[in-house]
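Scroll down for the structure; my scribbles are underneath it.
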Amino acid sequence: MGFISLHNHTELCGHASGSIDEYIKAAIEKNITCFGFSDHAPVSVNTRESMSSEETETYIDMVLSAKDRYAESIEILLAFEVDYPLHASFAASYFTDERIDYLIGSCHFIDGWAFDNEKYIDEFSKRDVDDIYTKYYKTLESLVSSRLFNIVGHFDLPKKFGHRPLRDFGPTIESLAKKMSKEGMAFEVNTAGLIKPVGEMYPSKEIIDIFFRCNVPATMGSDSHSPQQAGCGYDLAIETLKAAGYRKLTVFRKRKPFEIVM
Ligand SMILES: [Zn+2]
Ligand SMILES: [Zn+2]
C-alpha cells in the first residue's frame, strides 16, 4: 500500500507555503495514496496564524475541487485542524458538516500563550515545566470529552523546543488514552517534530506504547507547512508504530473511521 498523510496545511493559514496543487503533486511523488488537507480553522484570537472565518468556504471549495481533479491519482480528504478551546470563530455548523471528512483537535495555547510559537519561547523560562504539561493535558482531557474531534493533534506538543516534564505523566496519559479509545478518537503520528528542536516525532515512543496497550486508533501525518515536508520521516514513523504493535492505520471519511493495513 501507499502512505497516508492526514495532517497538512496550505498557504491560506498565513505561516505555510505552497498551493494545494503543489502539495498534491509532492504527495503523489512520495507514494502517498490518501492525503488530507487539515489547514488551521479560524482561531478566535487575532494571531493571523489561521485562515479567517471569511476564508473558510474558499478553503472548502479549493479542497473539494482538487478532490475531483485528482480523483484518478490520489484520494484527497477535506479536514480542519481546529484549536481547542479557541474555536469560537469556526462556525458551530462545521462540526456536523457532511462535506468534512474529519477534524483534528489541537491545543496550541495555554492561558492564551501560544507555547508552540517560537516568538514566545521566552515564556518557558518564566513558568514551571510540570505546570505547563499539567495544564496542557487538562486541556486535552476536555478536548477529548467534547467529542467534537476525530483525531488529537501532536499529542505531546509542549516538548517542541526541548522542554521535557520532570514528573512522570504516564498515568495522566493512560487515562487520556482510555478515554480516546472509548470515544473512538485516534492519535496521529506527527513527523513534524523531527525537524523541530526536539528532534523526535509527536508523540514519543513511550506514549505510542501506552496508546497501543489502550487500543487507541493510530493515524499519520507530516503536519506539512511546505510541499517538501509531505511524507517526511515516514519510514521511521511506520517502524515505530510497528514496534509498538500497530498493524493498521485509521483514516476518516465523512467523519467515519476506516482501517487500512500498514
Ligand atoms: Zn501551522
Ligand atoms: Zn498544530
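No value in this document is a laboratory result; all are computed from the given coordinates. Fair warning: this is a prediction, and the values are worked out from it, not measured in the lab. FYI the Cβ positions are ideal-geometry reconstructions off the backbone, even for glycines, and counts take in every protein chain you see.
The table below gives the values:
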{"item": "Euclidean distance between Cα centres, the stretch 123-146 to the stretch 48-109, Å", "result": "25 Å"}
{"item": "Reachable lysines, given that their alpha-carbon falls under 24 Å from the alpha-carbon of residue 25 and they are not under 8 places away in the same chain", "result": "67, 254"}
{"item": "At most 14 other Cβ within 10 Å, DSSP loop - GluC sites (Glu not before Pro), the stretch 61-122", "result": "72, 98"}
{"item": "Surface/4 estimate of mean projected area, convex hull on alpha-carbon atoms of the chain, nm²", "result": "12.3 nm²"}
{"item": "Two-decimal Rg to Rh for the stretch 109-262 - Kirkwood Rh, Cα set", "result": "0.95"}
{"item": "Mean Cβ count within 10 Å, highest first, over the residues of peptides 23-29, 61-67", "result": "23-29, 61-67"}
{"item": "Extension reserve of the residue 242-residue 68 stretch, reckoned as 0.36 nm per residue once the Cα distance is removed", "result": "59.3 nm"}
{"item": "Rounded to 5, the percent of DSSP beta bridges in the stretch 3-261 classed as antiparallel", "result": "25 percent"}
{"item": "Under 26 Å from the Cα of residue 160 - lysines, other chains or at least 8 residues apart", "result": "30, 119, 126, 135, 138, 178, 179, 196, 205, 242"}
{"item": "Separation of the residue 262 and residue 92 label points, Cα + 7 Å toward Cβ, nm", "result": "4.0 nm"}
{"item": "Gain upon complete extension [residue 44, residue 254; 0.36 nm per residue less C-alpha separation]", "result": "73.1 nm"}
{"item": "Per residue, the convex hull volume that the Cα atoms of the stretch 39-113 enclose (Å³)", "result": "90 Å³"}
{"item": "Fully extended contour minus Cα-Cα distance, from residue 121 to residue 138, at 0.36 nm per residue", "result": "4.0 nm"}
